[in-house]
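These notes are about the structure you will find just below.
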Amino acid sequence: DDGLVQNSATVGAYLKTKMSELLDHPLVGDVRGQGRFLGIEFVQDKDTKAVLPQELGFSKRVQAACLAHGLVALGARGTVDNLKGDHMLFAPPLILNNAQADELVASLRKGLNQAAASI
């Protein structure tokens with residue numbers, strides 16, 4: 001009745017487009033997903049898709065930095081073989097709007113830049 005399914009599809013596509021702008025960052029290797037369920041893969045080398053050293057705990061660094069910028073995000077490992085590789089997962093609520101999607105991506109970029117500067 002509230003148009004949440006349509007909103008999810010529309011805003012989800014918008015969010016993926018905005019998150020895809022993060023591909024300009026040297027450590028973002030891929031943005032993938034569908035609807036509001038999206039993931040970002042972090043890599044050491046964009047051409048070879050070589051993973052970041054496990055001991056850096058990069059996705060957790062991004063997670064902590066994002067939280068400092070008001071964004072709760074889930075940093076995870078195991079992109080490649082359930083052990084190696086860093087990524088983040090996003091599943092914002094059905095009521096997300098475009099302005100909030102912009103805010104999410106802006107906070108993510110700030111957190112990503114902060115974490116990248118720490119390695």
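The values are calculated or read from the model by the stated rules, or taken from the named source; none is laboratory data. Keep in mind that this is a model prediction, so the values were computed, not measured. Glycine also receives a Cβ, built like all others from the backbone with ideal geometry; neighbour counts cover every protein chain displayed. Just so you know, the surface numbers come from the protein's heavy atoms only, side chains and all, with ligands and any DNA or RNA stripped out. Shrake-Rupley method; radii C 1.70, N 1.55, O 1.52, S 1.80 Å.
Stretching the chain fully between residue 98 and residue 30 yields a gain of 22.3 nm (0.36 nm per residue, less the alpha carbon separation).
Taking the longest Cα principal axis of the chain as reference, the axis of helix 4-20 is set at about 30 degrees. The alpha carbons of the chain stretch over 48, 28, 23 Å along the principal axes, in descending order. Solvent-accessible area per residue in the range 1-60 equals 56 Å², computed with a 1.4 angstrom probe and all protein chains kept.
Compared with the dominant principal axis of the Cα atoms in the chain, helix 58-68 is inclined by about 50°. To put it simply, the accessible area of the chain at a 1.4 Å probe is 56 percent carbon and sulfur. Helix 98-117 versus the longest principal axis of the chain: what angle, 0 to 90°, nearest 10, using Cα atoms? Computed tilt is about 10 degrees.
Here the simple spin-label model places points 7 Å from the Cα toward Cβ, and for residue 81 and residue 21 these points are separated by 3.7 nm. The H on the amide N of residue 30, modeled in the peptide plane, is under 5 Å from the matching H of 41, each at least 5 residues off or on a different chain. Per-residue surface analysis assigns residue 96 an accessible area of about 10 Å², computed on protein heavy atoms at 1.4 Å probe radius. Measuring nothing but how far apart in sequence close Cα pairs (under 8 Å, 6+ apart) lie, relative to its length, the range 1-80 scores a relative contact order of 18 percent.
With every protein chain in place and a 1.4 angstrom probe, the accessible-area ranking of 40, 119, 95, largest first, reads 95, 119, 40.
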